[in-house]
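Below: one structure, written as structure tokens.
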Amino acid sequence: MRRILIILFAIHYSLCTASAHSADYEVVPLPQSIALQKGEPFVLDSNVKIVADEGLQREAAFLKAYLQEVAGVDLAVVRKREKRVSCIELALSPKVTAAEGYVLTINKKGVVIAGGSGAGVFYGIQTLRKSLSNLTGGQPPCEMVPVIITDAPRFSWRGMHLDCSRHFFPVSFVKKFIDLLALHNMNVFHWHLTDDQGWRLEIKSWPRLTEVGSRRSGTILGTNSDLDDFTPYGGYYTQAEAREIVDYAAARHITVVPEIDMPGHMLAALASYPELGCTGGPYQVGHYWGVYKDVLCVGNPRVYQFVEDVLKELMDIFPIPADAPTRSLSNVIHIGGDETPTEKWKHCAKCQALQLDGNTLQGYFTQRVFDFLTAHHRRALGWDELLENHAPQDAMIMSWRGTSPGARAAEAGHDVVMAPTSHCYFDYQQARAVEHEPSRCGGYIPVEKVYSLDPAPDSIPSAAREHILGVQANLWSEYLLTEGTVEYHALPRMSALAEVQWTLPERKDYQAFLRRLTRLTRLYELYHYQYAKHLWPERQLPSRWQF
């Protein structure tokens with residue numbers, strides 16, 4: 001009996017260990033097809049080597065680092081297969097027709113990630129990485145049951161936005177934020193660089209933009225209360241730092257789309273160069289949040305010289321890769337166009353000399369900016385207010401006031417990115433009870449609501465759906481004062497958004513997603529990201545802070 005008990009204990013221990021050290025392919029975002037195969041598992045241990053095609057050495061380096069972090073194995077990267085050595089092979093394959101698609105094949109002999117491009121291979125690597133998330137804190141080896149995963153994203157634009165104007169975040173955090181995008185298979189970082197409360201990018205031909213416009217003399221406390229802290233606040237990115245971020249993102253197959261919001265939200269620029277406004281000032285960099293009436297003077301020729309100079313330097317900082325397709329995401333520049341009061345134009349002789357009404361004046365301005373960008377092989381993207389202001393036919397629209405403006409734009413032939421406040425404003429609260437929340441922005445968007453979004457439903461005609469490029473979420477930073485609050489508001493909602501962006505609607509299942517998300521949080525913790533724990537009450541601090 002004693003011998004039988006020992007044997008049973010050994011079997012139980014072996015099964016538990018195997019379970020704890022087995023890969024799980026139910027990841028976030030859920031792949032389009034996971035086909036388990038028969039046969040013996042692949043064993044991932046330190047004897048395995050990474051074999052990479054000539055153009056995939058960078059991807060091999062990422063895989064090596066990820067496996068060391070997650071699985072605790074330090075694998076060698078080699079150029080050719082070696083006899084009797086198990087391998088993880090990275091390859092480009094013409095059989096994978098989707099540019100961002102991949103096929104991940106695992107059997108006893110090894111692992112092969114074949115992609116339609118380097119990006120496809122990279123996303124296959126992310127799936128492998130997340131399949132091993134249950135190893136965090138454990139020890140190799142890991143058993144990986146045979147599988148064939150065939151995958152490609154639903155949308156070409158899978159983005160996240162970060163406002164670095166209202167509150168400034170250093171290069172190190174921007175890189176950490178980009179790493180979050182990579183973890184979630186996202187490919188666009190929408191970088192909001194200028195607004196009324198601060199100009200954050202060095203423009204050498206207009207140096208006062210950062211000398212003056214990057215600093216405000218104080219900030220209103222709370223939700224636009226009457227209390228000002230009168231504490232100087234500022235910061236900006238040098239062009240060298242911005243290029244560093246562009247390169248960092250590109251290595252992870254992420255395109256940085258910069259935004260210079262115009263002709264409204266320009267108070268920081270007006271404080272730097274008062275002659276660009278209708279009244280000539282004086283102006284000061286904004287202290288409070290919201291919409292200011294002072295905007296660029298669209299009847300002043302010097303304004304267009306300013307805009308063109310800024311865009312020239314911007315295009316140099318954010319270049320189009322030599323091998324980029326004609327209508328790639330890398331040629332997009334966001335020009336804002338939202339929340340532009342026309343009051344100052346009505347009383348400005350230069351603006352009135354154009355003999356146009358307010359909406360048409362903004363349309364006139366937008367057309368000039370659009371023509372300049374088009375002449376330089378760039379595409380203009382703007383908020384959905386452009387639709388009310390005679391948007392050029394080839395202008396891209398970012399729909400933030402719900403999905404209806406985006407649907408109308410798509411039906412009119414505009415390419416559209418959905419970013420509705422109803423589902424995608426991640427500065428809004430994740431909980432109804434805000435007593436213990438770190439910010440009080442207002443609004444309520446829980447994870448489940450994000451997950452429920454369909455950016456291109458069947459109710460939109462099929463021809464129009466082809467113009468819906470994808471979806472992104474926005475993080476406005478009026479009330480996100482620290483790096484931790486940005487992470488807290490982004491997570492875990494980014495995971496729900498990732499599945500909206502990547503996974504076909506018929507494969508989505510919220511309850512199954514929650515189980516996969518719970519596993520993904522192990523990686524959040526491994527990389528020291530702060531995240532909201534409303535879905536896991538047992539992980540939260542005592543509600544009344546009773547220690």
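The values are calculated or read from the model by the stated rules, or taken from the named source; none is laboratory data. Quick caveat: nothing in here was measured; it's all calculated off a predicted structure. Glycine also receives a Cβ, built like all others from the backbone with ideal geometry; neighbour counts cover every protein chain displayed. The protein model used for the area step is the full one, side chains on, heavy atoms only, and it has no ligands, DNA or RNA in it. Shrake-Rupley method; radii C 1.70, N 1.55, O 1.52, S 1.80 Å.
The accessible surface of the stretch 209-275, taken with every protein chain in place and a 1.4 Å probe, is 55 percent carbon and sulfur. Summed over the residues of the chain and divided among them, the accessible surface reaches 42 Å² per residue at a probe radius of 1.4 Å. Residues whose amide H lies under 5 Å from that of I254, counting only those 5 or more places away or on a different chain, are absent; hydrogens are built 1.01 Å from N in the peptide plane. Counting only residues at least eight positions apart within a chain, or on another chain, the aspartates and glutamates with an alpha carbon under 15 Å from that of K204 are E241, E308, D309, E313, D316. The candidate values are (1) 1.05; (2) 1.16; (3) 0.96; the one derived from this structure for Cα Rg over 2.2 N^0.38 Å carries the label (1).
Taking a point 7 Å from the Cα of Y527 along the Cα-to-Cβ direction, the residues of the stretch 37-60 with backbone N closer than 17 Å to it are 59-60.
Hey, got the dipole for the chain? About the Cα centre, +1 on K and R Cβ, -1 on D and E Cβ, debye to the nearest 20? I would put it at about 1920 debye. Checking the Cα-Cα distances for K176/K293; K80/K109; K176/K533 against a 25 Å cut-off, the pairs over it are K176/K293. A 1.4 Å probe, protein heavy atoms only, puts the accessible area of E26 near 80 Å². Across the options L132, A91, G118, the greatest Cα extent toward the positive end of the charge dipole of the stretch 73-145 (unit charges at beta carbon of Lys, Arg, Asp, Glu) belongs to A91.
Suppose we keep just the DSSP beta bridges with both residues in the chain; what percent of those would be antiparallel, to 5?
On the way: 24 of 69 bridges.
Around 35 percent of the beta bridges assigned by DSSP in the chain are antiparallel ones.
Of all DSSP-defined beta bridges confined to the stretch 161-286, some 35% are antiparallel rather than parallel.
Peptides 370-376, 450-456 ranked from most to least packed by the mean count of surrounding Cβ atoms within 10 Å: 450-456, 370-376. Between D309 and R58, full extension at 0.36 nm per residue minus the direct alpha carbon distance yields a gain of 86.9 nm. Extending 7 Å from Cα along the Cβ direction at R368 and again at S404 yields two label points whose distance is 3.3 nm. Among the GluC sites (Glu not before Pro) in the stretch 77-156, those placed in a DSSP loop whose Cβ has at most 14 other Cβ atoms within 10 Å are E82.
The largest accessible area among L314, L535 belongs to the first residue in L535, L314, and the rest follow in falling order (1.4 Å probe, all chains).
Ranking K204, K344 by solvent-accessible area of protein heavy atoms (1.4 Å probe, all protein chains present), from largest to smallest, gives K204, K344. When the trypsin sites (Lys or Arg not before Pro) in the stretch 227-297 are filtered for DSSP coil states and for at most 16 other beta-carbon atoms within 10 Å of their beta-carbon, the remaining sites are K293.
You can think of it this way: the chain between T136 and E466 has 114.8 nm of extra reach, that is 0.36 nm per residue less the Cα-Cα gap. I need the shape label for the stretch 218-368. Rule: rounded when a/c is under 1.5, else prolate if a/b > b/c, else oblate, with a, b, c from the alpha carbon gyration tensor. Oblate, because a/c is 1.5 or more while a/b does not exceed b/c. FRET efficiency for the S452 to A65 pair, using the beta carbon distance and R₀ = 25 Å, is estimated at 0.10. Here the gap between R79 and K350, fully extended at 0.36 nm per residue and compared with their Cα-Cα distance, gives a gain of 91.0 nm. Looking at the stretch 433-534, the trypsin sites (Lys or Arg not before Pro) that sit in a DSSP loop and have at most 14 other Cβ atoms within 10 Å of their own Cβ are R440. Ordered by 1.4 Å accessible area with all protein chains kept, R129, R408, R215 run largest first as R408, R215, R129. Computed with a 1.4 Å probe on the full set of protein chains, the accessible area for M494 sits at about 0 Å².
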